[in-house]
1. Can you say whether A:Gly318 is farther than 20 Å from A:Gln60 by Cβ, more than 15 Å from ligand 1 (Cβ to nearest atom), away from every other protein chain (no Cβ under 14 Å) and without any contact (Cβ under 8 Å) to a residue 40 or more places away in the chain, as far as the supplied structure shows?
2. From the list A:Lys427, A:Lys434, pick out the single residue that is open to solvent by 60 Å² or more (accessible area, probe 1.4 Å) and in contact with a helix residue (DSSP H, G or I) (Cβ under 9 Å, 6 or more places away or on another chain).
3. Quick check: is even one residue across segment A:502-515 among the small types (Gly, Ala, Ser), under 22 Å from the mean Cα position of the chain (by Cα) and either part of a loop (DSSP other than H, G, I, E, B) or more than 16 Å from ligand 1 (Cβ to nearest atom) (or both)?
4. Please enumerate the residues belonging to segment B:204-227 that are under 22 Å from the mean Cα position of the chain (by Cα) and open to solvent by less than 80 Å² (accessible area, probe 1.4 Å).
5. Taking the criterion of being within 21 Å of A:Leu321 (Cβ to Cβ), more than 16 Å from ligand 1 (Cβ to nearest atom) and of a type in the set (A, V, I, L, M), would at least one residue in segment A:34-53 satisfy it?
6. Looking at segment A:87-138, which of its residues are part of a strand (DSSP E or B), within 12 Å of another protein chain (Cβ to nearest Cβ) and open to solvent by less than 30 Å² (accessible area, probe 1.4 Å)?
7. In the list A:Leu329, A:Leu308, A:Leu314, which residue meets the criterion of being farther than 27 Å from A:Asn541 by Cα, of a type outside the set (Phe, Trp, Tyr) and buried (at least 23 other Cβ atoms within 10 Å of the Cβ)?
8. Looking at (1) away from chain A (no Cβ under 14 Å); (2) open to solvent by less than 20 Å² (accessible area, probe 1.4 Å); (3) in contact with a Leu (Cβ under 7 Å, 6 or more places away or on another chain), which is the only condition B:Ile41 fails?
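The values are calculated or read from the model by the stated rules, or taken from the named source; none is laboratory data. Computed from a prediction, not measured in an experiment: that's the story for all the values here. We place every Cβ from the backbone using ideal geometry, glycine too, and count neighbours over all the protein chains shown. In case anyone asks, the SASA skips ligands and DNA or RNA and just uses the protein heavy atoms, side chains included. Shrake-Rupley method; radii C 1.70, N 1.55, O 1.52, S 1.80 Å.
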Amino acid sequence: MSEVMEYDVVIVGAGPSGLATAIKLKQLAEIQQTEINVCVLEKGSEPGAHILSGAVMDPQALTELLPDWEALGAPLKTRVVADEFHFLGSKGSYKLPHFLLPDCFHNEGNYIVSLGDVTKWLAAQAESLGVEIFSGFPAQKVVYGAQGEVIGVETGAFGINKDGSLSDGYQPGMEIHGKYTVFAEGARGHLGKELIKQFGLDNEADSQSYGLGIKEVWEIKPELHEEGKVIHTAGWPLDRHTYGGAFLYHAADNKIFIGMVVGLGYENPHLSPFEEFQKLKTHPFVARLLEGGKRISYGARAIAAGGLNSLPKLCFPGGVLVGCDAGFLNASRIKGSHAAIKSGAMAAEAIAQALQQGRQRDVLSTYADLFKSSWLQAELHKARNFKPWMNKGLIIGTLMVGLEQKILRGKYFWTVHSRTKDAAKLKRASAFPKIQYSKPDGKLTFDRLSSVYLSNTNHNDNQPVHLRLTDPKIPVMHNLAHYDGPESRYCPAGVYEFSEEGGDKKLVINAQNCLHCKTCDIKDPLQNITWVTPEGGGGPNYTSM
Amino acid sequence: MKVLVCIKKVVDSNVKIRVKADGSGVDVTGAKMSMNPYDEIAIEEAVRLKEKGIATEVIAITCGDQGSTETLRNALAIGADSAVLVETGMDLQPLAIAKTLTKVNASINADLIFFGKQAIDDDSNQTGQMFAALNDFPQATNISEITIADRVAIVKREVDGGVENVKLQLPAVLTTDLRLNEPRFVTLPNIMKAKKKEIRVVPNAEVQMTNQSRLTVKNYFEPKGREPGIILSSVEELVEKLKNA
Ligand SMILES: Cc1cc2nc3c(=O)[nH]c(=O)nc-3n(C[C@H](O)[C@H](O)[C@H](O)COP(=O)(O)OP(=O)(O)OC[C@H]3O[C@@H](n4cnc5c(N)ncnc54)[C@H](O)[C@@H]3O)c2cc1C
Ligand code: SF4
């Protein structure tokens, strides 16, 4: 039995949702004049190191949590001053007149931020309230009690060699027990996934649908830069069968955040989200902005885009899911950070109340009730059957829906009800011609390796591979044979490579490049790949992503 | 036997740094900072000496801003007993640091003073040597092994093409090389303990550090990317190219 540390509340993940939970708990403890011990475990080397987002942030939830965030120096500095939406064709582009812009694309009052910086700042606020944050300590396992209730988590060990033997520096994991455990791992949390299954939390929900977001930060020529401008695009280069769109945010200091989200329900196994994104940058509309600029960082992360229809039950004995680990993102606005903060704060309210009543390790149904009567529920409800153009009036609405349908066949928005998992939507390679992507030019477009280099990713290379194959034969016998090895294309870090040795094909897993985006865990056709936490501190070291 | 370990906060070795657009410096905003890896080796060695019963007290010290407290906490989590932060927002050069450390050490009187052989940001490789000279202490740089008995340190130094064995009378200055040890993984209980250990803050006024720069940096630029290679079809072509190169 490993060593045990006891807390009132254990939080897994120092992202916006986990930190909001921690901050709110401390604030409520102060009001209730009690002591609530809170510990946060974070797998990244420091808070923010694994955070990648757009991001245009709606400050509503933050203002509720920390009304004086401005005085506290929150890194929300760049107000959105202009919103544009463009349909891209293969050559031209069509800008939607501003009065036609659906509400969900209006960003008045929002801020262009690095969510990584916001997270770092939230962590500092939490620490100043007495929250203990342990960075570089992944929660690797859920610890269950005698009645099957969650009593805490176990952290990963350090110093296990690649072959499983123990090195001289070996340090075993520790059990961290809490009266309640909060799972705030973000989209496709690996413990969240287990809990959803274990407690059947999604029995009455649609399956979760995901998108893969790939992002780069560029420093562009000052004369091309318009601080505070937000641009979204739909259409080219994605085909009509693939959900997705791109964003271009003009942040401070001549930087732009450019990225693309591709729906992981895509059918064509030849598709490569990475290459589609590289291609996007060659469109004249985008290329002229980047011209003479310099790419300074790169990264990727999955989003949970199913919305309210896919939301699992939030509570189970001993714990709750918050933020994107549950799936609170509003896909129509591609915004999840406000929802993450709001859900964390509501979970904290339920926990503080329970602790005050002397309860522990039961089902915190107050959290679910609070959510049901919150603005977040109303917002997600509105987005549920998302017909953005229709509330612009019937004639315009019909026109725009027609346009959108014609150009995009409705594929910009995640509006589908679906009980099919993204992995199962992939069709056989033979059903599609191969897609020929152009070679990178090293100026606008790049290959995976030079990209991963800019994510500052590192894993101790003498450790067991953290991408586990249930059946090691499936990659070649099934994935390569029927789907032309899609893992070599969907992975944005080039972790999976098929190589040939004396006529025998095999899959090479370059685990040290992994960006922790979770796409392989989501999209592998037979769900044969399981992402587990590597040794603590491993993964990207994003700066201001 | 008291051991003083001098450490520095630097940009994490995994982070790819970037020259500012105007060439005035390196852009480190928001970048992850860590303890200089050679200093981590120095702390580890000092703590091992204590675990062997040779050292009685390990003190970590740094000159820097409040953010350096994190770095000191890390040293305390590895096993240092206490720490000193000489607080300054100035960007100090090696001589200024060596002088400051000399002043602070006057009240500590360490028997052994460890430095990392160099900091991975400016690669100066000077502070330890300057400190030794200012104090007239014997020094051994780039050490890869150490044994101590009867106030004498016997160390191995990594030199070009071999190893040099050196004997020094304490108090002495040692700067650490990569092969000296492999720093331990910090554990949660030790991080908790570190939070309770003392970090003494010495205000700049007390040591009167000055940022008397002896060097002026004119500008920074990134190394030129490598020209792409070309594949030639024959030896003749190669000779031709070389002639005209
Ligand atoms: C490309 C892209 C663009 C986006 N654009 C926007 C936008 O413009 N506006 C907006 O509001 N939102 C946007 N989002 C969504 C937003 O980023 C998320 O909704 C938000 O980050 C969710 O916060 P979270 O705390 O739930 O999870 P995360 O931010 O994912 O944080 C989870 C944290 O938990 C840690 N963790 C995970 N598992 C473990 C474990 N087992 N042990 C220890 N630590 C663990 C992770 O390292 C991470 O630090 C975007 C997302 C992407 C990918
Ligand atoms: S290995 Fe999986 S989780 Fe890691 S970067 Fe590739 S797709 Fe993402």
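1. no
2. A:Lys427
3. The answer is yes, given that some residue of segment A:502-515 is among the small types (Gly, Ala, Ser), under 22 Å from the mean Cα position of the chain (by Cα) and either part of a loop (DSSP other than H, G, I, E, B) or more than 16 Å from ligand 1 (Cβ to nearest atom) (or both).
4. Selection gives B:Asn204, B:Val207, B:Met209, B:Asn211, B:Ser213.
5. Yes.
6. Matches in segment A:87-138: A:Ile133, A:Phe134.
7. Within the list A:Leu329, A:Leu308, A:Leu314, the selection yields A:Leu314.
8. Among (1) away from chain A (no Cβ under 14 Å); (2) open to solvent by less than 20 Å² (accessible area, probe 1.4 Å); (3) in contact with a Leu (Cβ under 7 Å, 6 or more places away or on another chain), the lone unmet condition for B:Ile41 is (1).
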